[in-house]
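Report on the structure given below.
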Amino acid sequence: MLNIKTKNRLLIFLSIFVLSIILTIFLFKTLRNNVLYFYSPSEVSKSDENAFKNNIRLGGMVKPGSVKTDNNEIKFIVTDYKKEIIVIYQGTVPALFAEGKGVVAEGKLQDKKFFLAKRILAKHDENYMPPEIKESLKQNAR
């Protein structure tokens, strides 16, 4: 039989243990909802349904001659020189956005050829290219 002091210690230990499990579960659920996966157009063509359910980042090069603007909407094609995806974005694009330059767009895939962007990420330098895009372009150039 346990004395009162031992019962209290056991109760406190179990309470802390259960609370830490609940907090850990809450933390992982919150992080999972805020994670943005990066895809190139080739990876999108091979992707499963998870890419369509969540917000993602799409990266590649803006295809020369593909940029079309209407009022506050811009349409362009992102390519990795193997596959292409049409992107539609409403809003103003960063000053360094241009044809033939690298771009990263955040948003949702409608299907494997069409992407609705919520945000276009700015580059800090004209010569800068995110490492993910560089690696993707190197693999596809082979």
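All of the numbers you see were taken from the coordinates with simple rules; none came from a lab. These figures come from a predicted structure and were not determined experimentally. FYI the Cβ positions are ideal-geometry reconstructions off the backbone, even for glycines, and counts take in every protein chain you see.
Starting from the alpha-carbon convex hull of the chain, give the projected area averaged over all orientations, in nm².
Taking a quarter of the hull surface, the average projection is 13.5 nm².
Can you give the percent of C-alpha pairs in the stretch 3-45 whose distance is more than 14 Å?
The proportion of pairs with Cα distances above 14 Å equals 69 percent.
Over the chain, calculate the relative contact order: mean separation of alpha carbon pairs under 8 Å at least 6 apart, over the residue count, as a percent.
20 percent
Arrange 97, 26 by Cβ neighbour counts within 10 Å, fewest through most, would you?
Lowest count first: 26, 97.
How large is the charge dipole for the chain, taken about the Cα centre, if only the Cβ atoms of Lys, Arg (+1) and Asp, Glu (-1) carry charge, to the nearest 20 debye?
With Lys and Arg at +1 and Asp and Glu at -1, about 640 debye.
Quick one: 20, 66, fewest Cβ neighbours within 10 Å first, how do they rank?
With the sparsest Cβ surroundings first, the list reads 20, 66.
Taking +1 at the Cβ of each Lys and Arg and -1 at the Cβ of each Asp and Glu, which of 86, 74, 44 sits farthest along the dipole of the chain towards its positive end, judged by Cα position relative to the Cα centre?
Working it through, the farthest residue towards the positive pole turns out to be 44.
If neighbour count is taken as other Cβ atoms inside 10 Å, put 36, 137, 58 in order from fewest to most.
Sorted ascending by nearby Cβ count, the order is 36, 137, 58.
Add -39500 (n - 2.57) for each DSSP H run of 4 or more in the chain, then divide by its residues: what number comes out at 222 nm, to the nearest 500 deg cm²/dmol?
-11500 deg cm²/dmol
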